[in-house]
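One structure is given here, and the rest of the page talks about it.
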Amino acid sequence: MSIYRSLLLPILLLPGISGAGSQSLSFEEQVRQQLRKLDTWGLRRLLETQQQIDKVQKERARLSTNPRELIELAGDEDSEVRFFVAVNHYTPIEVLQALAVDPEAQVRSGVAMALVYQPLGAQNEQRVLAGLAAALAADPQALVRMKLAENVDLPPEVFDNLAVDPDHLVRLRVSQNPNVPQSALSTLAQDSVEAILVTALGHRNMPVEWLENSIAQPSPQVRLAIAKNISAPVGVLDLLSADQAVEVRRAVGRHANTTLSILEKMRSDSDPEVLLALVAHPRADRKLLMRLARDDRDEGVRLAAQQRLVPLLRKEIREDVLERWRTQ
């Protein structure tokens, strides 16, 4: 089917357009014949039909796998159609280049969402994609830059540029991106907006030195983000285990990297939630649990420790009995 035919076919399928007796006519003549009916329609019906055509065009732009058809649709007067062309994975790169300078920010944001930079891909194509990403990072509309900041497939240097964006919402999107590189996170770790600082310091890719440098931050939310970071090292968790904010100490008590020695230090904590975190921690051993099971400061902690001890003691007794039986 030609591109011309594929673009006009939806018109014939609209209610009130197709008619009987047209099977013997050529496709083009069918279109001309049915379009003559438009001359008899009033404003309301014309507007309804226009909406239906726009809907069909948007669906074709969204679902088409034909590059030639997408090239045609990229010139549609409806910006939403052009947006769907921009986000379509089958859209040729030269079309993305044209849409990247579209007068509508919505269309440019679609390009920002669709870019897939692959360092090991075809060199010329990746160079073009990197150039497009760099240009969109400087787009005057924050919407475009925000959508770019949400894209996980960008060159590292583009993330670096977005990390110093004048709009704090753009920087926040960068801090939330799972693939943001350490270089950009190092910049965000110095941001003046607390929400950005909290998100960045909680990011798994945050360099350890910035986690260490930020422990002294006065905001408990910042220290809590560090305590919850899955990449937080033992040294950082050790320092935060005595933090004045109870939420921070609770996070340390639940952290997978918290060692037995840190758990032992935290046994004297006055907060029951901290103690319950110690009881539930996978590294809590028999000795620690026995001490907490005899602790009379909080009944809930004592009962939780006792319940955790039961299967451990059963296992020990079973192993002792089996060992004695083997030696007899």
Next on the checklist: Please verify whether SER241 is surrounded by fewer than 19 Cβ atoms within 10 Å (Cβ to Cβ), of a type outside the set (Lys, Arg) and free of Cβ contacts under 8 Å to residues at least 40 places away in the same chain, treating the condition exactly as stated.
Outcome noted: no
Checklist entry - What do you reckon, is ARG249 without any contact (Cβ under 8 Å) to a residue 12 or more places away in the chain and of a type outside the set (Asp, Glu)? => result no
Checklist entry - Of (1) acidic (Asp, Glu); (2) closer than 17 Å to ALA251 by Cα; (3) assigned to a loop (DSSP other than H, G, I, E, B), ASP238 satisfies all except one. Which? => result (3)
Checklist entry - Looking only at residues in the stretch 186-220 that are within 19 Å of PRO166 (Cβ to Cβ) and aliphatic (A, V, I, L, M), which one is surrounded by the most Cβ atoms within 10 Å (Cβ to Cβ)? => result ALA200
Checklist entry - Considering only the stretch 102-111, how many residues are out of contact with any Asp or Glu (no Cβ under 6 Å at 6 or more places or on another chain) and part of a helix (DSSP H, G or I)? => result 6
Checklist entry - Quick check: is even one residue across the stretch 169-190 closer than 21 Å to ALA86 by Cβ, touching a Lys or Arg at 6+ places or on another chain (Cβ under 6 Å) and assigned to a loop (DSSP other than H, G, I, E, B)? => result no
Item to check | Positions within the stretch 235-265 being closer than 22 Å to ARG291 by Cβ and of a type in the set (Val, Ile, Thr), in sequence order | outcome: VAL246, VAL252, THR258, THR259, ILE262
Next on the checklist: Considering only the stretch 90-101, I want to know if a residue exists there that is within 22 Å of the chain's Cα centre (by Cα) and assigned to a helix (DSSP H, G or I).
Outcome noted: no
Item to check | Among the candidates VAL274, VAL248, residue that is in contact with a Gly (Cβ under 6 Å, 6 or more places away or on another chain) and aliphatic (A, V, I, L, M) | outcome: VAL274
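Yes or no, residue by residue, for (1) among the polar types (S, T, N, Q); (2) in contact (Cβ under 8 Å) with a residue 40 or more places away in the chain; (3) closer than 23 Å to ASP238 by Cβ:
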residue: VAL170; (1), (2), (3): no, no, no
residue: GLN190; (1), (2), (3): yes, no, no
residue: ILE196; (1), (2), (3): no, no, no
residue: HIS203; (1), (2), (3): no, no, yes
residue: GLU209; (1), (2), (3): no, no, yes
Checklist outcome for this item: Residues of the stretch 81-110 being over 19 Å from ASN66 (Cβ atoms) and among the hydrophobic types (A, V, I, L, M, F, W, C), in sequence order, are ALA100, VAL101, ALA105, VAL107
Item to check | Every residue from the stretch 112-158 that is aliphatic (A, V, I, L, M), in a loop (DSSP other than H, G, I, E, B) and surrounded by 21 or more Cβ atoms within 10 Å (Cβ to Cβ) | outcome: LEU115, LEU154
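Each value in this text was obtained by applying a stated rule to the coordinates, not by laboratory testing. Predicted model only: the values in this text are computed from it and were never measured. Glycine also receives a Cβ, built like all others from the backbone with ideal geometry; neighbour counts cover every protein chain displayed.
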